[in-house]
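Working notes for the structure below.
The values are calculated or read from the model by the stated rules, or taken from the named source; none is laboratory data. All figures in this text were calculated on a predicted structure; none of them were measured in a lab. Positions of Cβ are generated from backbone atoms using ideal geometry, with glycine treated the same way; all protein chains shown enter the neighbour counts.
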Amino acid sequence: MADYILRVYTDVLTEKATLSSALPGGNRGLYLADGMATVRDERGGATLSANSAWFSTGNTTITAGANGARVLRYELVKGGTPDADGLAQGDGVTSIHKLSAAVDLEPGDGYLWRCDRVDIPPSGIAYTHVHQGPGIRCLLEGGFKVETGGETHVIAAGEPWFEAGPIPVLAYAPDDKPGNFSRTMILPRALKGKSSISYVNEEDKDKPKRQKYTIFLDEFIEI
């Protein structure tokens, strides 16, 4: 096993702003939280609207639409890579490193890059569960509480958090707000198109689940 870093940045671009230089190649997923943006690499490009995503391993450029754009940029890089090196640059571009987490992966093995969105209504509960791989989540709106490892974390809109995968997690939205978040996970390839969640307690397995999942990216990656 070897050390890798899964990290997330928020890139805010004013109207029609563009990066002054391309982001270097590597496994990268872009989730457009607000606005519109044109994204491009050596393979081609796409125009994204809010609540859509794009994956690239190449040198990546981002250009905002007429009303600007807010992008959640998830990247997987080798351990020891400085977070400051990943900041986007350009006039009208504000780039903020939000979170990095070390993950152990086997070099040469193939993995699945999943970017999805989870929508949990007010008072909704994600019963105690585990996943088959690590991931970073970022709360888009509402509020959230995450209980794991004997600690409770209160998450506000715009804040990220990391879940290792095999460590049990109980999470829930407050009574008056949803808990809607963007998520990127590194999973076994066999899970393409399949759920990664397993419930820890037998009594929770058949309870109604109020969360909704929308998968945007399920891409095979090499490391």
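For every residue, the table says whether it meets (1) within 14 Å of the chain's Cα centre (by Cα); (2) in a strand (DSSP E or B); (3) within 24 Å of P122 (Cα to Cα).
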position: K145; (1), (2), (3): no, yes, yes
position: P174; (1), (2), (3): no, no, yes
position: F181; (1), (2), (3): yes, yes, yes
position: L217; (1), (2), (3): yes, yes, no
* Can you pull out the residues in region 54-63 that are under 12 Å from the mean Cα position of the chain (by Cα) and buried (at least 23 other Cβ atoms within 10 Å of the Cβ)? -> W54
* Which residues, counting only those in region 64-82, are farther than 21 Å from S100 by Cα and surrounded by 16 or more Cβ atoms within 10 Å (Cβ to Cβ)? -> A64, G65, G68, A69
* To do: Please work out which residue is farthest from L72 (Cα to Cα), limiting yourself to region 1-60 and to residues that are in contact (Cβ under 8 Å) with a residue 60 or more places away in the chain, assigned to a strand (DSSP E or B) and of a type in the set (D, E).
  => D3
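So is P121 without any contact (Cβ under 8 Å) to a residue 60 or more places away in the chain and either assigned by TED's automatic domain parsing to the domain that holds V39 or in a loop (DSSP other than H, G, I, E, B) (or both) or not?
Numbers: without any contact (Cβ under 8 Å) to a residue 60 or more places away in the chain: no; either assigned by TED's automatic domain parsing to the domain that holds V39 or in a loop (DSSP other than H, G, I, E, B) (or both): yes.
So P121 does not fit the description; no.
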* To do: Being over 22 Å from C115 (Cβ atoms) and polar (S, T, N, Q) is the filter; apply it to region 125-176 and report the residue that is surrounded by the fewest Cβ atoms within 10 Å (Cβ to Cβ).
  => T152
* Out of A37, A66, A126, A46, sole residue that is more than 17 Å from the chain's Cα centre (by Cα) and within 30 Å of E203 (Cβ to Cβ) -> A126
